[in-house]
Structures are given as structure tokens and as C-alpha cells.
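The block underneath contains the structure these notes are about, expressed in C-alpha cells.
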Amino acid sequence: MGSDDRCHVFRQLHLAGCFVIPNPWDAGSARLLAQLGFPALATTSSGFAWSQGRPDNGITLDDALSHFRAIAGSVSVPVNGDFEGGFAVEPEDVGANVARATETGVAGLSIEDSTGRQADPLFDFGLAVERVRAARQAIDLTGSGVLLTARSEGFIVGRPDLAETVRRLVAFAEAGADCLYAPGLRTADDIAVVVNAVAPKPVNVLVGAGFITVPELAALGVRRVSVGGALARTAWTGFMEAAREIAEHGTFRHLGEATSFADVNGWFTNREE
């Protein structure tokens, strides 16, 4: 499936119903998720950074673009790129970087309003909106059809203000975002407020633990569900438990609980994805 086809498929997924878009961190995890039948995938900035031995937000623009190419090139389903804050502050620079990202084969990408500064974690409202508008204009100029998701990060950067989050998401929608996303929402009531505020545009909800189910999210009108770095954290949990056992006790019990070599090898043998 070509990039244009994947962009079309990705847009169609957002028109009705509710789908899960899980987050691989490398080509192998992407291929396995596609094999499980998920209709689309999304990169995770944290999962990828950890795989490179760096903290979240610790990668460069070129790192991110190379990662997008690797993931999009490893599967035939649409891939959404976690483009963090666009690797720039000023709208013009965000737009230039977004244009480069559309050339990687992704069918969608996201821009967030987080500054990375603890004392001042969100871009000023006006600047945040202009950054989304610049991303929209850049995508339109490419004619790529890449779907733009705009994220407001208040609930995960110490500013859990629902009214301000809604104000930002509504403005992002008006600035041209195709999908809206406020990671960190944890109650059905808050999720419903966001969904209703930006309707009919679709909303992505992040689920990193078992506080809600896909049917419950669908009933709230959520279109898209992602898991961020949670799958990567789950993998790292198993790795560290086994490694700590060896380092601290000299025993190997956890290794005996692992999926067999034959099973893992089989997942990657003679598979299209």
C-alpha cells in the first residue's frame, strides 16, 4: 500500500467507530502489532528514546525522521508519527519540520504544546495555536493528505486544567487539526467533555493502565485509542525483572518464564508483516 493509500485509509478510520492505534518502538514490535490485526500504528517518542538509551524528548529531529521511515517502511498499515513539539518553537520552523516529516511515509503526525520547561510547561495560548496552524499549512502545501493531530499536554506536565485544555483543543481544531488529543485524562466525565467540545472532529485518548475499556471509550464517542509508551514499559518491566534476578541473586527463574525461542523466531519467519 502506497503512502497516498495509507493516508486515505487512516482518514477513513477516523470517520466512525473507535479503533486502537498501539505504539511500537521498533520495526519488530511494529510488525508484530500489524500481525495481530491492528488497523494502524503510532510511534512513541518515549519508547523510541528508551530503545536508544535516552530519556523521552532526548532524541533529535533527524533521529525522529529516521525512526518514522523505519516504522512506516516495516508495515503496510498506516503509521502516525509522534512528532513531539515539532522540534522547534517558532511556527515557521515547526512548519518546515512538519514538511520534512510528511516525506517519511507516515500517514499522520502529532504536534504538542509542551515546552519541556518545568516552570513554564505549556506554550502561551496564542503561540500554541499558531504552531498548529503552521503545521496545517505545511501539510496542505505538500498535498500529502497526512492527518494532523494536535495535542494539549496540561494533564501530563503538571497543569491539569480541564477548561484550559478544552480551550486549547477547540482552538487547535479551528486552526486545522484533524484529530484532538489530551493525554492524561483519566475519568469518563473529562473524556466526554473533550469529545463533546471538539465534535464532530475525532478525539484520541491515551490509555496507559486499566482504568477504562475500548467499549466504554467508544460509548463516550472516542474515535482513537493509543497506549503511548505503555507497551514499551511492559517490555522493559520483564527485561529488568529477569536481569535484576541474575544480577542480585544469581538465579534464572524469570528466563524460564519467557516465550520460547521457536515462538518468537516464528513470528518473524516468512511473514509479510
Quick check on my filter: what residues within the range 49-67 are part of a helix (DSSP H, G or I) and in contact with an Asp or Glu (Cβ under 9 Å, 6 or more places away or on another chain)? ALA49, TRP50, SER51, ALA64, LEU65, HIS67
Taking GLU103, is it of a type in the set (Asp, Glu), open to solvent by 10 Å² or more (accessible area, probe 1.4 Å) and under 16 Å from the mean Cα position of the chain (by Cα)? no
Every listed condition ((1) closer than 23 Å to ASP178 by Cα; (2) surrounded by fewer than 15 Cβ atoms within 10 Å (Cβ to Cβ); (3) not polar (S, T, N, Q)) holds for ALA128 save (2)
Looking at the range 109-119, is at least one residue open to solvent by 20 Å² or more (accessible area, probe 1.4 Å), modelled with pLDDT under 95 and closer than 27 Å to VAL195 by Cα? yes
Taking the criterion of being open to solvent by less than 10 Å² (accessible area, probe 1.4 Å) and part of a helix (DSSP H, G or I), would at least one residue in the range 76-94 satisfy it? yes
Residue that is small (Gly, Ala, Ser), open to solvent by 40 Å² or more (accessible area, probe 1.4 Å) and at negative phi, where the choices are ALA171, ALA209: ALA209
Considering each of VAL75, VAL79, VAL98, VAL132 in turn, give the residue that is closer than 22 Å to ALA197 by Cα and among the aliphatic types (A, V, I, L, M). VAL132
Do we have LEU148 as over 18 Å from the mean Cα position of the chain (by Cα) and surrounded by 21 or more Cβ atoms within 10 Å (Cβ to Cβ) here? no
Condition first: part of a helix (DSSP H, G or I), open to solvent by less than 40 Å² (accessible area, probe 1.4 Å), among the aliphatic types (A, V, I, L, M) and out of contact with any helix residue (DSSP H, G or I) (no Cβ under 7 Å at 6 or more places or on another chain). Can you find one or more residues in the range 27-35 that meet it? yes
Mind telling me which of the residues ARG186, ARG224 ends up being open to solvent by 40 Å² or more (accessible area, probe 1.4 Å), under 30 Å from ILE111 (Cβ atoms), in contact (Cβ under 8 Å) with a residue 24 or more places away in the chain and touching a Phe, Trp or Tyr at 6+ places or on another chain (Cβ under 8 Å)? ARG186
Which residue out of ALA192, ALA242, ALA197, ALA230 is more than 26 Å from LEU169 (Cβ to Cβ), surrounded by 12 or more Cβ atoms within 10 Å (Cβ to Cβ) and not acidic (Asp, Glu)? ALA242
THR213 vs (1) under 21 Å from PRO39 (Cβ atoms); (2) touching a residue at least 40 places away in the same chain (Cβ under 8 Å): all pass except (2)
Is it the case, given these coordinates, that GLN12 is out of contact with any helix residue (DSSP H, G or I) (no Cβ under 6 Å at 6 or more places or on another chain), over 22 Å from ALA219 (Cβ atoms) and surrounded by fewer than 20 Cβ atoms within 10 Å (Cβ to Cβ)? no
Checked the range 95-122 for anything closer than 24 Å to ARG168 by Cβ and in a helix (DSSP H, G or I); matches are GLY95, ALA96, ASN97, VAL98, ALA99, ALA101, THR102
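The values are calculated or read from the model by the stated rules, or taken from the named source; none is laboratory data. Keep in mind the model is a prediction, meaning the values are calculated, not measured. In this analysis, Cβ positions are derived from the backbone assuming ideal geometry, glycine residues included, and neighbour counts consider all displayed protein chains. Please note that ligands, DNA and RNA were not included when accessible areas were found on the heavy atoms of the full protein model with its side chains. Shrake-Rupley method; radii C 1.70, N 1.55, O 1.52, S 1.80 Å.
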